[in-house]
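The structure appears right after this line, and notes come after that.
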Amino acid sequence: MSSKPTTLIVTHDSGLMHDTGPHHPESPDRLRSVQNALKQDVFKTLPREVAPVASVEQMARPHSEAFVKQILAAIPEKGLRHLDPDTAVSPGSGQAMIHASGAVVRAVEAVAKGEARNAFCAVRPPGHHAESARAMGFCLINNIAVGAYHARAAHGFKRVAVIDFDVHHGNGTQEIFWDDADAFYASTHQYPYYPGTGARSEKGAHKNVVNVPLASGSQGDVFRGGMRDEILPALTAFKPDFILISAGFDAHKDDPLAQLRLVEEDFAWATAALMDVAQQVCGGRVVSVLEGGYNLDALAASVTAHVETLKDH
Ligand SMILES: [Zn+2]
């Protein structure tokens, strides 16, 4: 491995064992598609790590120990159990969940210690809909919030920021960060749409939340305008010590779950723009975490564009 810090890829095959049931869009094939994309020659020099487990204590930081134990206790020994109409767990879900959060914990550690320049976590289940005390919307534990609080608790960073370009609003991350003056959350998302939150008027208890709702059918120009004119200035002014990206790719024009019209180049542009802010305010520290993305080809192409930008920009 080269000694020059580059983009670290963290993943775990337990993510393939989280079974959500037949025909569920949040399928193991999503992670397979992402892992295959990351095997392309263009990424062959990147360091890779197998995600460790996250501890109950680490997962409890944005939730509670009782909540984490309640989710683990809900994992069935066989078959599926539904936690809400969209959110099912199977016997493999517990391991997938603790390695998904563990991936983000390890990525934060690697970037905090300068072992990696930045990092991408290829994980499932996703996390940004998981509230402090509620699993929902395909999400069990809020992986990115676990990572943000780990940056603080274990590495001494004070101010943490999550930027979320998944097509859905990250109600969970917003709820967890709402009262926390040192935690910033900003999102672009289709609106009105699932999960219903994310109006521009939702600004957090400390003006620490920025929501940029986008109308159905919006294309890259509108997305980039919202990032450039609203999110990037607010993020820069917040002066985070650490930036995390909720990297969902379901705003892609080919995604079956929503109606935004982004293309791979839009995700690459946003990635570069966030890296520029990180370079300016926090030594370039960026950890990106997979959220949604349900057209397997669009997901693979979008992850490719995103990770190429993390690697080369
Ligand atoms: Zn989504």
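Of all residues being of a type in the set (Gly, Ala, Ser) and in contact with a Phe, Trp or Tyr (Cβ under 7 Å, 6 or more places away or on another chain) in segment 171-198, which is nearest to residue 217 (Cα to Cα)? Just the residue, please.
Step by step, filter segment 171-198, then rank; the result is 198.
Just checking, does segment 147-157 include any residue being within 21 Å of residue 18 (Cβ to Cβ) and of a type outside the set (Ser, Thr, Tyr)?
Yes, because at least one residue in segment 147-157 is within 21 Å of residue 18 (Cβ to Cβ) and of a type outside the set (Ser, Thr, Tyr).
Determine which member of the set 114, 147, 94 is away from the ligand (no atom under 15 Å from the Cβ), crowded, with 24+ Cβ neighbours inside 10 Å and not aliphatic (A, V, I, L, M). Give the steps one after another, and end with the answer.
Details: 114 fails: crowded, with 24+ Cβ neighbours inside 10 Å; 94 fails: crowded, with 24+ Cβ neighbours inside 10 Å.
Result: 147 is the single residue among 114, 147, 94 that is away from the ligand (no atom under 15 Å from the Cβ), crowded, with 24+ Cβ neighbours inside 10 Å and not aliphatic (A, V, I, L, M).
Condition first: more than 13 Å from the ligand (Cβ to nearest atom), in contact with a Lys or Arg (Cβ under 7 Å, 6 or more places away or on another chain) and hydrophobic (A, V, I, L, M, F, W, C). Can you find one or more residues in segment 186-208 that meet it?
no
Return the residues of segment 107-133 that are touching a strand residue (DSSP E or B) at 6+ places or on another chain (Cβ under 8 Å) and of a type in the set (D, E, K, R); say none if nothing qualifies. Full working, then the answer.
Keep residues of segment 107-133 that are touching a strand residue (DSSP E or B) at 6+ places or on another chain (Cβ under 8 Å), which gives 107-108, 110-112, 115-130.
If the condition is that a residue be touching a strand residue (DSSP E or B) at 6+ places or on another chain (Cβ under 8 Å) and of a type in the set (D, E, K, R), then 115, 117, 124 are the ones that fit.
Give me a count of the residues in segment 201-219 that are buried (at least 19 other Cβ atoms within 10 Å of the Cβ), of a type in the set (A, V, I, L, M, F, W, C) and within 17 Å of residue 253 (Cα to Cα).
The qualifying residues number 1.
Please list, ordered by residue number, the helices (runs of 4 or more DSSP H) wholly in segment 128-234 having 3 or more residues that are over 19 Å from residue 271 (Cα atoms) and not polar (S, T, N, Q).
So the answer is 143-155, 171-177.
Kindly list the number of the only condition in (1) out of contact with any His (no Cβ under 9 Å at 6 or more places or on another chain); (2) under 17 Å from residue 96 (Cβ atoms) that fails for residue 48.
(2)
Give the residue that is nearest to the ligand (Cβ to nearest atom), with candidates limited to residues of segment 256-277 that are out of contact with any Gly (no Cβ under 9 Å at 6 or more places or on another chain), without any contact (Cβ under 8 Å) to a residue 60 or more places away in the chain and not charged (D, E, K, R).
Restricting to residues being out of contact with any Gly (no Cβ under 9 Å at 6 or more places or on another chain), without any contact (Cβ under 8 Å) to a residue 60 or more places away in the chain and not charged (D, E, K, R), the top hit is 271.
Please verify whether residue 258 is more than 23 Å from residue 159 (Cβ to Cβ) and in a loop (DSSP other than H, G, I, E, B), treating the condition exactly as stated.
Taking the combined requirement at face value, the residue satisfies it.
Just the residues that are in contact with a helix residue (DSSP H, G or I) (Cβ under 6 Å, 6 or more places away or on another chain) and either closer than 30 Å to residue 284 by Cα or of a type in the set (Ser, Thr, Tyr) (or both), please, taken from segment 12-29.
12, 14, 15
Counting only residues that are touching a helix residue (DSSP H, G or I) at 6+ places or on another chain (Cβ under 8 Å), part of a helix (DSSP H, G or I) and among the aliphatic types (A, V, I, L, M), how many does segment 64-118 have?
13
A short reminder: the numbers here are calculations on the coordinates, not readings from a lab. These numbers were taken from a predicted model, which means no experiment stands behind them. Here the Cβ is made from the backbone with ideal geometry for all residues, glycine too, and neighbour counts use every protein chain on show.
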